[in-house]
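The values are calculated or read from the model by the stated rules, or taken from the named source; none is laboratory data. This one's a predicted model, so the numbers in the text were calculated from it and none came from an experiment. Cβ: placed from backbone, ideal geometry, glycine included. Neighbour counts: every protein chain shown. Remember, those area values only see protein heavy atoms, side chains included, never the ligands or the DNA or RNA. Shrake-Rupley method; radii C 1.70, N 1.55, O 1.52, S 1.80 Å.
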Amino acid sequence: MTIERVVRPAGPYSLALCVRHATDATRHVRDGMLTTTVRTADRVELASAHQLVDGRVTLRAASEEGLERLRFVLAVDDDHTEFLRRFARDPMIGEVTRRFRGLRVLRLSSVAHALVRAFCGQLVDTRRARHLEYRIVRGTCERVEGTTFNAPPTTQTFAALAPSRLRALGLHARRAAALVRICRSLELERLHDLPTDAVAARLERERGVGPWTVGVVCMQGLGRPERGIVGDLSLVKLMSDLHGRWVEGHETAELLEPYGEWGGLASVYLGLAYHGGLIPLPGPSRANKPPAFFRTAPATP
């Protein structure tokens with residue numbers, strides 16, 4: 001049985017913008033439709049979403065709990081109108097908030113998936129990181145019957161592994177040991193019940209976990225827009241261009257400070273503005289060329 005529900009997102013929302021680069025081992029995007037696995041209390045379900053021309057989003061899942069998990073993944077209920085209003089004239093992100101006002105951060109279906117994504121993303125380029133994440137999820141998580149998808153990893157997925165198994169899949173030895181150690185000592189889904197500062201304090205006690213990793217877990221695993229992604233390479237490049245010297249990752253906290261409780265979302269908009277050439281710089285830019293979607297961004301319904 002499939003349950004279908006048509007919902008009106010809270011505030012400006014563009015599914016097309018949100019699902020950029022969304023395809024991974026647990027989901028894909030085809031013709032504007034996101035098809036994804038979602039993990040409920042007792043099973044893994046297949047769910048899907050597509051946006052209608054009037055802005056509403058059609059959701060499909062096998063249960064009410066599956067629909068609720070899909071709503072979380074899509075962030076359809078997390079209105080960021082206040083962020084757009086407050087920073088509409090900001091010299092750094094004002095222009096990009098107007099061009100891409102429907103953009104929110106798509107979440108992952110489990111905190112464990114966000115943590116492994118964060119570990120894969122440390123010190124490597126995005127393409128290599130996503131390929132490594134794909135290999136690990138493919139190699140450690142069961143295939144969802146009748147699909148090409150793998151189930152989202154859980155805390156137990158990695159707690160049951162020897163670090164050598166993750167090393168064999170390509171994860172650096174120290175990161176593999178840290179991932180297994182964390183999952184053996186902490187049920188990651190319980191982080192949903194903690195305040196963001198407490199989540200950060202708990203995770204940063206672990207060797208191999210710093211502000212960047214915490215930011216990824218908070219944004220993509222817990223849906224917390226207030227935790228900035230300190231040390232993100234795009235922010236390091238941007239701040240280096242602004243200061244005329246190469247800055248250290250921790251210095252990017254200063255760049256995010258003006259955005260307060262919207263620091264996580266601001267991290268994403270700053271990176272987008274930087275790579276799109278929308279931030280005035282005193283000299284040459286270290287940014288990559290603007291992504292193709294920047295020239296053909298879909299309108300927010």
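Laid out as a table, the results:
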{"item": "Area of Glu4 that stays accessible when all protein chains are in place (1.4 Å probe, Å², to 10)", "result": "100 Å²"}
{"item": "Farthest positive-ward along the stretch 1-45 dipole, Cα basis, beta-carbon charges - from Gly11, Thr36, Thr23", "result": "Gly11"}
{"item": "Selection from Leu188, Ala47, Phe158, by position along the positive dipole direction of the chain (Cβ)", "result": "Phe158"}
{"item": "Centre separation in Å (Cα based) which lies between the stretch 70-91 and the stretch 124-155", "result": "28 Å"}
{"item": "Cα-only Debye scattering, the stretch 143-283: base-10 log of I(q)/I(0) at q = 0.12 Å⁻¹", "result": "-0.60"}
{"item": "Residue-normalised accessible area of the chain, given per residue in Å² at a 1.4 Å probe", "result": "46 Å²"}
{"item": "Nearest-20 debye value, the stretch 156-301 charge dipole, Cβ charges on Lys, Arg, Asp, Glu", "result": "760 debye"}
{"item": "Along principal axes, Cα extents of the chain, largest first, whole Å", "result": "53, 48, 34"}
{"item": "Helix-only CD estimate at 222 nm, as mean residue ellipticity for the chain, using -39500 (n - 2.57) per DSSP H run (n ≥ 4)", "result": "-11000 deg cm²/dmol"}
{"item": "Ratio Rg/Rh, restricted to the stretch 52-207 and using Cα atoms, in which Rh is the Kirkwood radius", "result": "1.01"}
{"item": "For the stretch 181-239, fraction of C-alpha pairs farther apart than 13 Å, in %", "result": "61 percent"}
{"item": "From phi via Karplus (6.51, -1.76, 1.60), per-residue ³J(HN,Hα) for the stretch 176-183 in Hz, x at Gly/Pro", "result": "4, 5, 5, 4, 5, 4, 4, 5"}
{"item": "Dipole magnitude of the chain about its Cα centre (Cβ charges: Lys, Arg +1; Asp, Glu -1), debye to nearest 20", "result": "940 debye"}
{"item": "Rg to Rh quotient for the stretch 1-106, alpha carbon positions, Kirkwood Rh", "result": "1.01"}
{"item": "Dipole of the chain, positive end: most advanced residue of Ile136, Leu67, Val214 [Cβ charges, Cα centre]", "result": "Ile136"}
{"item": "Simple label model, 7 Å out from Cα along Cβ direction - Asp79 to Glu64, nm", "result": "2.4 nm"}
{"item": "Fully extended contour minus Cα-Cα distance, from Glu204 to Arg30, at 0.36 nm per residue", "result": "58.9 nm"}
{"item": "Magnitude of the charge dipole, the stretch 36-164, Cβ model with Lys/Arg +1 and Asp/Glu -1, debye to 20", "result": "540 debye"}
{"item": "Rounded to the nearest 10 Å², the accessible area of Val44 at probe 1.4 Å", "result": "40 Å²"}
{"item": "Karplus 3J(HN,Hα) series, Hz, for the stretch 253-267 with 6.51 cos²θ - 1.76 cosθ + 1.60 (x for Gly, Pro)", "result": "4, 5, 5, 8, 3, x, 8, x, 6, 9, x, x, 5, 4, 4"}
{"item": "Note, ³J(HN,Hα) from phi for the stretch 7-15, Karplus 6.51, -1.76, 1.60, rounded to Hz, x at Gly and Pro", "result": "10, 9, x, 7, x, x, 7, 10, 4"}
